[in-house]
1. To the nearest 500 deg cm²/dmol, what mean residue ellipticity at 222 nm is calculated for the chain from DSSP H runs of n ≥ 4 alone, each contributing -39,500 (n - 2.57), summed and divided by the residues?
2. Need one word for the stretch 22-227: rounded, prolate or oblate. Basis is the Cα gyration tensor (sqrt eigenvalues a ≥ b ≥ c); a/c below 1.5 gives rounded, then a/b vs b/c decides.
3. What size of dipole, in debye to the nearest 20, comes out for the stretch 55-136 about its Cα centre when the only charges are +1 on Lys and Arg C-beta atoms and -1 on Asp and Glu C-beta atoms?
4. Determine the dipole magnitude for the stretch 131-232: charges of +1 sit on the beta-carbon of Lys and Arg, -1 on that of Asp and Glu, nothing else is charged, the reference point is the Cα centre, and the result goes in debye to the nearest 20.
5. Assign one of three labels to the stretch 30-98, namely rounded, prolate or oblate, based on the Cα gyration tensor with a ≥ b ≥ c the square roots of its eigenvalues; rounded applies when a/c is under 1.5, prolate when it is not and a/b is larger than b/c, and oblate otherwise.
6. Any idea which of T98, A52, F82 is furthest toward the positive side of the dipole for the chain, if Lys and Arg beta-carbons carry +1 and Asp and Glu beta-carbons -1?
7. Where the centre of each part is set by its Cα atoms, how far does the stretch 89-117 sit from the stretch 144-204, in angstrom?
8. Could you grab the relative contact order for the stretch 159-212? Cα pairs under 8 Å, six or more apart, rounded to a whole percent.
Amino acid sequence: MSRPGSIGTQPGPERELLTTDLPGAPQQALAELMAGNRRFVTDTLRHPNQNAGRRAAVAAEQHPFAVIVGCSDSRLAAEIIFDRGLGDLFVVRTAGHTIGPEVLGSVEYAVSVLRTPLVVVLGHDSCGAVQAARAALATGTSPGGHLRAVVDAVVPSLRRAQAAGVDELDQIVDIHIAQTVTAMLDSSTTLAAEVAAGRCAVVGMSYRLAAGEVRAVAAEPADLAAIAAPAA
Ligand SMILES: [Zn+2]
């Protein structure tokens with residue numbers, strides 16, 4: 001398949017998604033992410049905004065249309081799985097998408113200064129951080145060093161899963177993703193205010209390593225989840 005218009009001047013969603021001041025920006029941003037993921041799943045990548053023209057165009061300033069708070073897992077590279085390029089995604093990644101002050105500060109910078117209209121929490125099946133936390137909880141031991149902070153941050157999600165009678169790892173992962181969305185909104189009054197004003201949305205997505213597909217497992221406002229439903 002040819003790639004018409006891919007040399008420097010191709011129209012991209014960034015033109016319409018510059019700031020949260022535009023009506024419908026969270027919905028448009030989510031739809032754009034899902035379109036890119038579908039291209040990735042179906043092996044019809046366009047590699048938008050990855051050339052020298054784009055590099056020059058965004059050198060002076062950035063207007064990313066989505067924040068990705070994702071797991072650090074090496075198979076979860078944001079620009080690849082959403083088929084985007086330079087200046088499109090503001091990416092913060094930690095093991096198990098655990099959130100501390102620096103993560104929340106980075107999200108607040110994107111949302112309030114760059115006026116990015118969408119925040120995505122991105123987890124995945126077979127997550128090692130969730131597995132490590134589950135092992136620590138089962139054995140009553142904690143890993144040494146700073147890894148303990150990662151495990152400790154996942155444990156509340158495990159307890160929530162236990163209370164719900166959920167024992168399957170990938171279902172626990174989905175609970176952890178939804179819990180991260182809730183925790184971000186509870187911990188950041190800046191983010192919560194942007195969401196309440198309709199200028200931003202937060203969506204929790206679960207990624208399947210083998211299929212390459214994302215699907216929504218949580219959203220605020222809730223009606224956005226329909227945009228991130230799996231492709232038919
Ligand atoms: Zn992971």
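1. Rounded to the nearest 500, the figure is -12000 deg cm²/dmol.
2. Note, shape of the stretch 22-227 comes out prolate.
3. Magnitude of the dipole: close to 80 debye.
4. Using Cβ point charges on Lys, Arg, Asp and Glu, the stretch 131-232 gives about 200 debye.
5. Oblate is the answer for the stretch 30-98, as a/c is 1.5 or above yet b/c matches or exceeds a/b.
6. A52
7. Centre-to-centre (Cα) distance: 14 Å.
8. The normalised contact order for the stretch 159-212 reaches 29 percent.
Every number here is computed from the coordinates shown, using simple stated rules; none is lab data. This structure is a prediction, so every number in the text was calculated from the model and none was measured. All Cβ positions, glycine included, derive from the backbone under ideal geometry; neighbour counts span all protein chains shown.
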